[in-house]
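Enquirer: Let me give you the structure first, and then I'll get to my questions.
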Amino acid sequence: MTIPVQTITSFRTAFSPFSPLARPCRIFLSLLQNPRTTPLSSASHVDIKVIQLPRNSTQLPEMTIEFRGGKQLQLEVGKRKMKIGDVIEEVSRVGRIIERDQSLKG
Amino acid sequence: MAAIATSSIDTSTTAVLRHPPSQPPSHRRPEERRSQLLRQYTSLLRTAPLMVLFQHNNLQSVEWTAIRRELNQALRKADEQQVAEGRNLPPIASRIKLQIVQTGIFEVALRIVECFRPNGQTARLSGAVDPPKQSSAEIPDDTASLTHDLSRVVHDSIMNHKGKHELSTLLTGPLAIISFPHVSPEHLKASLSILSPKTTKFSAPTRKANPGYHDITVQEGLQKLMFLAARVDGEVFDIDGTKWIGSIEGGMDGLRVQLIAALQSMGSGIASALEGASKSLYLTLESRRSVLEAEEKDTPEKGEL
């Protein structure tokens, strides 16, 4: 399943890399951050903000994704014990709806 | 050491070694890239006491080149500064490497280095046979006694240790490692000020001092690098620990000087505490004595008057 990265405008996440629950956050970050999304001048630029929590922090990892058109998706990765597959599924679902709407609009 | 069958000797009674002595049998084929990488990573883990782990997200080769250029510049400056301070340390800028590692193979290498202990097993061949002598001695199958990194013994013993190391949760996703041949806080600080100035709060070079650093290639590449942790002498340090190590002034020598000073002051503190009781008693008695003498002087004078 591919993520429609061009529909994502912003990605915010907070996790501690020492927590095994944070694995989806790190992998999703590697999927989103690439030479097309990093430059500010790019058409498919994604504003990425990562907060690294301290090692013994009890705060569970979470991520917030903003799409084109203002839709926001908040995923509590740690609370729901999500895996990377679940994350990709949810993000892709929302992204594809937006993509379809945009292609219909013109 | 090896007894190799030759055509001049009757082969039926000569002991035969089934593999060349320089190529012991391995669990995986040694010529494959993954086996070579495993050996490289075990060597790296054993010889580099300090290494910092980063996540790299789709950096381009141009960006890697640019980052390595800036890093080398900063490390050479750290070397020069050490020489200028007059400390007799070897220059290590050329031996510090920033490399991408294959995470899965690296995880196995970590398990081998940290978990496996040969328990006194040696890989020597027993009963070495002199080639010209004919004998019925058989060189025993020594596969079970071989404990090199690619051997079956090592593979079987670390197979069930997956995910048990402190560092194993960090070993997911794309990984890059910068390795130092010695634990050198100055070089660590120099490299972190280039690679992750925002997370470690070590100040990056200014635009005037180093305009090449603020080049768009370098900056975009650095945005895609994320600091994870550091491994120092087998211990895992997070961001705060790494900041502390980098901020040690004067390097390892400075740390030793600080330790000696702390021990000495602790010693003097104990001594003064022990002496303190008797000292205060002495001072009290002395002051009492002086007061009594003063009174005696007064009373005879009053008496005379």
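Enquirer: Using 18 Å as the cut-off for backbone N distance, which residues of segment B:84-113 belong to the label zone defined by a point 7 Å from the Cα of B:ASN160 along Cα→Cβ?
Expert: Of the residues in segment B:84-113, B:111-112 have backbone N under 18 Å from the label point off B:ASN160.
Enquirer: In nm, to one decimal, how far is the B:ILE260 label point from the A:GLU89 one, both placed 7 Å along Cα→Cβ?
Expert: In this crude spin-label approximation the distance works out to 6.4 nm.
Enquirer: Nearest 0.05, what FRET efficiency do B:LYS279 and B:SER247 give at R0 = 41 Å with Cβ-Cβ as r?
Expert: With R0 = 41 Å, the Cβ-Cβ based efficiency is 0.55.
Enquirer: For every helix of n ≥ 4 consecutive DSSP H residues, a contribution of -39,500 (n - 2.57) applies; sum these over chain B, divide by its total residues, and give [θ] at 222 nm rounded to the nearest 500 deg cm²/dmol.
Expert: -15500 deg cm²/dmol
Enquirer: Counting other C-beta atoms within 10 Å, and keeping those with at most 13, which DSSP coil trypsin sites (Lys or Arg not before Pro) do you find in segment B:140-174?
Expert: Filter output for segment B:140-174: B:LYS162, B:LYS164.
Enquirer: Note down, for segment A:5-105, the three equivalent ellipsoid semi-axes (square root of 5 times each alpha carbon gyration tensor eigenvalue), biggest first, whole angstrom.
Expert: They are 25, 15, 10 Å, listed largest first.
Enquirer: Also, I was wondering about something else. Given an 8 Å cut-off on Cα distances and at least 6 residues of separation, report the relative contact order of chain B as a percent.
Expert: Relative contact order here is 27 percent.
Enquirer: Give the Debye-formula value of log10 I(q)/I(0) at each listed q (0.17, 0.23, 0.31, 0.32 Å⁻¹), with one equal scatterer per alpha carbon of segment B:250-295, two decimals each.
Expert: -0.63, -0.78, -0.96, -0.98
Enquirer: D for the protein assembly as shown, whole µm²/s, Stokes-Einstein with Kirkwood Rh over alpha-carbon pairs at 20 °C and 1.002 mPa s: what number?
Expert: 80
Enquirer: Ordering B:MET252, B:MET226, B:MET159 by accessible area with a probe of 1.4 Å, largest first, what comes out?
Expert: B:MET159, B:MET252, B:MET226
Enquirer: Right, here's the next one. Near B:LEU45, within a Cβ-to-Cβ distance under 9 Å, what is the net charge of the other residues, with Lys and Arg +1 and Asp and Glu -1?
Expert: Summing Lys/Arg as +1 and Asp/Glu as -1 gives +1.
Enquirer: Using the basic label-point model (7 angstrom from Cα toward the beta carbon), what is the A:LEU40 to B:ASP240 distance in nanometres?
Expert: 3.3
Enquirer: Taking chain B as a Gaussian network, where each spring joins two C-alpha atoms under 10 Å apart, which residue of B:ARG207, B:ARG95, B:ARG288 fluctuates the most?
Expert: Greatest mean-square fluctuation among the candidates belongs to B:ARG288.
Enquirer: Let me ask another. For segment B:26-89, which GluC sites (Glu not before Pro) pass both filters: DSSP loop (anything but H, G, I, E, B) and at most 13 other C-beta atoms within 10 Å?
Expert: In loop regions of segment B:26-89 (DSSP not H, G, I, E or B), the sparsely surrounded GluC sites (Glu not before Pro) are B:GLU31, B:GLU32, B:GLU85.
Enquirer: Output wanted: per-residue J couplings in Hz (rounded whole) for segment A:54-70, from phi through Karplus 6.51 cos²θ - 1.76 cosθ + 1.60, θ = phi - 60°, x for Gly and Pro.
Expert: Once rounded to whole Hz, the list reads x, 4, 9, 6, 8, 5, 7, x, 8, 9, 10, 10, 10, 10, 5, x, x.
Enquirer: Total accessible area buried between chains A and B, 1.4 Å probe, in Å² to the nearest 100?
Expert: By this definition, chains A and B bury close to 1800 Å².
Enquirer: Sticking with this one: Could you check the spin-label model distance between B:SER22 and B:THR199? Points 7 Å from the Cα along Cα→Cβ, value in nm.
Expert: Roughly 4.3 nm, to one decimal.
Enquirer: Moving on to the next point. Give the calculated FRET efficiency between B:SER94 and A:MET1 to the nearest 0.05, with a Förster radius of 51 Å applied to their Cβ-Cβ distance.
Expert: 0.65
Enquirer: For chain A, report the accessible area per residue in Å² (1.4 Å probe, heavy atoms, rounded to an integer).
Expert: 54
Enquirer: If I take the Cα coordinates of segment B:167-305 and project them onto the principal axes, what are the three extents in Å, biggest first?
Expert: Computed over segment B:167-305, the largest-to-smallest principal extents equal 101, 39, 23 Å.
Enquirer: Tally up the carbon and sulfur contribution to the accessible surface of chain B as a whole percent, 1.4 Å probe, everything protein left in place.
Expert: Carbon and sulfur atoms account for 55 percent of the accessible area of chain B.
Enquirer: At a Förster radius of 56 Å, what calculated FRET efficiency corresponds to the Cβ-Cβ distance of B:HIS182 and B:ALA294, to the nearest 0.05?
Expert: Given R0 = 56 Å and the Cβ-Cβ separation, E is 0.25.
Enquirer: Just to be sure I understand the interface: list residues from segment A:44-61 that lose 30 Å² or more of accessible area between the chain on its own and the complete protein assembly, 1.4 Å probe.
Expert: Residues losing area: A:GLN52, A:ARG55.
Enquirer: Another one. Given the options B:SER290, B:SER272, B:SER43, which has the most mean-square fluctuation in a GNM of chain B, springs set between C-alpha atoms less than 10 angstrom apart?
Expert: B:SER290
Enquirer: Report, as a whole number in µm² per second, the diffusion coefficient that Stokes-Einstein gives for chain B at 37 °C and 0.692 mPa s using the Kirkwood radius over alpha carbon pairs.
Expert: Rounded, D is 131 µm²/s.
Enquirer: Taking all protein chains in place and a 1.4 Å probe, what share, in percent, of the accessible surface of segment A:5-105 do carbon and sulfur account for?
Expert: 51
Enquirer: Here's something else I'd like to know. Compare each residue of segment B:160-175 in its chain alone against the assembly with all protein chains, and report those whose accessible area goes down by 50 Å² or more; 1.4 Å probe, heavy atoms.
Expert: Output list: B:THR169, B:THR172.
Enquirer: Provide the per residue accessible area, probe 1.4 Å, for chain B, rounded to a whole number of square angstrom.
Expert: Ligands and nucleic acids excluded, the figure is 59 Å² per residue.
Enquirer: Using a simple charge model, +1 on the beta-carbon of Lys and Arg, -1 on the beta-carbon of Asp and Glu, nothing else, what dipole does chain A show about its Cα centre, in debye to the nearest 20?
Expert: Dipole magnitude for chain A comes out near 140 debye.
Enquirer: Per the helix-only calculation at 222 nm, which mean residue ellipticity applies to chain A, given -39500 (n - 2.57) for every DSSP H run of n ≥ 4 and division by its residues, nearest 500 deg cm²/dmol?
Expert: After summing the helix terms and dividing by residue count, I get -10000 deg cm²/dmol.
Enquirer: Check each residue of segment B:212-239 and keep those whose accessible area, probe 1.4 Å, is at least 30 Å² smaller with all protein chains in place than in the chain alone; give them in order of residue number.
Expert: B:GLU220, B:GLN223, B:LYS224, B:MET226, B:LEU228, B:ASP238
Enquirer: Here is a further query. Rank B:LEU195, B:LEU17, B:LEU281 by mean-square fluctuation in a GNM of chain B with C-alpha springs under 10 angstrom and give only the top-ranked residue.
Expert: Greatest mean-square fluctuation among the candidates belongs to B:LEU281.
Enquirer: Continuing with this model, one more query. Which GluC sites (Glu not before Pro) from segment B:204-305 combine a DSSP loop assignment with at most 12 other Cβ atoms within 10 Å?
Expert: Those satisfying the criteria are B:GLU249.
The values are calculated or read from the model by the stated rules, or taken from the named source; none is laboratory data. No experiment lies behind these values; they were computed from the predicted model shown. Virtual Cβ from ideal backbone geometry, glycine too; neighbours counted across all protein chains shown. Accessible surface areas use protein heavy atoms only, side chains included; no ligands, DNA or RNA. Shrake-Rupley method; radii C 1.70, N 1.55, O 1.52, S 1.80 Å.
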